[in-house]
Amino acid sequence: QANRLFYLALPPSVFKPVTSMLKAACMSPTGWTRVIVEKPFGKDSASSADLSDHLQKLFSEEQLYRIDHYLGKEMVQNLISLRFGNMIFGPTWNRDSIASVTITFKEPFGTQGRGGYFDEFGIIRDVMQNHLLQILCLAAMEKPVTTSPDDIRNEKVKVLKAIPSLSLSSCVLGQYCGDPDSDHPDARLGYLEDPTVPEGSSCPTFAAAVLKINNERWDGVPFMLKCGKALDERKAEVRIQYKDVPGDIFNGGTVRNELVIRVQPDESVYVKVMTKTPGMSFNLQETELDLTYKSRYKDARLPEAYERLILDVFVGSQMHFVRSD
């Protein structure tokens, strides 16, 4: 039995002829054939739908693996376990207790000579509509019937269907400029000073958007997505902020609890809570219940995201891949 796995890390312009030739000449006659499709998956809704229709005429859904490497990251996969494996979070995971959810992706560097590629897509297509939206689905979805791939993906689709179209008034776009006082030569260059970027480009390198989910669990809770290049640090995280404690007896001394899931760097889960200061006083202070992986699991090896996902393809698991709908 000979199985065949094809990984398409290709420009979108050649996806159609390459996949047509794969179907015509390269399918395994005795085992399985699976195709990994890497982003960018089209450039807009129309081109994405066109590519999806083309692929579905050639391959079955079981043969297609649309890869989003963020779904292979340890803490993104941990969202399901945290939410549905712990009684402490489940009862408060709704509009009655949660004030807002913020999903952030920050990079401390610019395009670094890749501006020609980046300018065709921008930060929204590059990060927001794939990585951040997939994390939003995991944070907001209802409990699936089982952990089977289709049950999980069914719940993710329900979340997406409940999100109204985004209006411009709910978005902020930006483009980084150089800092002439920086010690780092890269930081002194703005986006438009990258020689590979077209002159006068208005391509966004930063985007923030507020999404609403019109369902019983999340009505009125803002889901804020923020992503950008050339920012102050490297960080990706999910920050769930809880509402103020009703009936405050501490004269305004409390701050809101937060559950933070740090995706990168230094994978961790921590909860910001109020506690009494040690000693004789009865003042409050904010502290953290901290599960940092490199401290708690010192000898554990966390595989790279692509390593996990490619293994999933070998064993035929589509749980962490994106379905056509």
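Could you please find all residues in the range 245-289 being among the acidic types (Asp, Glu), open to solvent by 50 Å² or more (accessible area, probe 1.4 Å) and part of a strand (DSSP E or B)?
Start the filter on the range 245-289 by keeping residues that are among the acidic types (Asp, Glu), which leaves 248, 258, 266-267, 286, 288.
Right, trim to open to solvent by 50 Å² or more (accessible area, probe 1.4 Å) and you get 248, 266-267, 286, 288.
Within the range 245-289, Glu286, Glu288 meet the criteria.
Name every residue in the range 290-319 that is open to solvent by 40 Å² or more (accessible area, probe 1.4 Å) and either over 28 Å from Glu155 (Cβ atoms) or in contact with a Pro (Cβ under 6 Å, 6 or more places away or on another chain) (or both), in order of residue number.
Selection gives Asp290, Lys294, Ser295, Arg296, Tyr297, Lys298, Asp299, Ala300, Arg301, Met319.
Suppose the filter is surrounded by 15 or more Cβ atoms within 10 Å (Cβ to Cβ) and either among the basic types (Lys, Arg) or assigned to a helix (DSSP H, G or I) (or both); does Leu173 pass it?
Values: surrounded by 15 or more Cβ atoms within 10 Å (Cβ to Cβ): yes; either among the basic types (Lys, Arg) or assigned to a helix (DSSP H, G or I) (or both): no.
Judged against the criteria, Leu173 is not a match.
Failed condition for Leu311, given (1) part of a helix (DSSP H, G or I); (2) in contact with a Phe, Trp or Tyr (Cβ under 7 Å, 6 or more places away or on another chain), with all others met?
(2)
Kindly check whether there is at least one residue in the range 66-74 that is hydroxyl-bearing (Ser, Thr, Tyr) and within 16 Å of Asn130 (Cα to Cα).
Step one: of the range 66-74, the residues hydroxyl-bearing (Ser, Thr, Tyr) are 70.
Filter once more, so that each one left must be within 16 Å of Asn130 (Cα to Cα): 70.
The answer is yes; a qualifying residue exists.
Before we move on, is Lys294 assigned to a strand (DSSP E or B) and closer than 27 Å to Thr102 by Cα? Steps first, answer last, please.
Working: assigned to a strand (DSSP E or B): no; closer than 27 Å to Thr102 by Cα: yes.
No.
Look at Val238 and say whether it is touching a residue at least 60 places away in the same chain (Cβ under 8 Å), β-branched (Val, Ile, Thr) and touching a strand residue (DSSP E or B) at 6+ places or on another chain (Cβ under 9 Å).
Details: touching a residue at least 60 places away in the same chain (Cβ under 8 Å): yes; β-branched (Val, Ile, Thr): yes; touching a strand residue (DSSP E or B) at 6+ places or on another chain (Cβ under 9 Å): yes.
So Val238 passes the test.
Consider the range 132-163. How many of its residues are part of a helix (DSSP H, G or I), among the hydrophobic types (A, V, I, L, M, F, W, C), over 17 Å from Val101 (Cα atoms) and out of contact with any Ser or Thr (no Cβ under 9 Å at 6 or more places or on another chain)? Spell out the reasoning first.
Residues of the range 132-163 that are part of a helix (DSSP H, G or I), as a first pass: 132-140, 149-161.
Then keep just the ones that are among the hydrophobic types (A, V, I, L, M, F, W, C); that gives 132-133, 135-140, 152, 157, 159-160.
Subsequent filtering for residues that are over 17 Å from Val101 (Cα atoms) retains 152, 157.
If we keep only those that are out of contact with any Ser or Thr (no Cβ under 9 Å at 6 or more places or on another chain) too, we end up with 157.
Count: 1.
The values are calculated or read from the model by the stated rules, or taken from the named source; none is laboratory data. The model shown is predicted, which means the values in this text are computed figures rather than measured ones. Ideal geometry is used to build each Cβ from the backbone, glycine not excepted, and the neighbour counts take in all protein chains shown. Heads up: the accessible areas ignore ligands, DNA and RNA and are worked out on the full protein's heavy atoms, side chains in. Shrake-Rupley method; radii C 1.70, N 1.55, O 1.52, S 1.80 Å.
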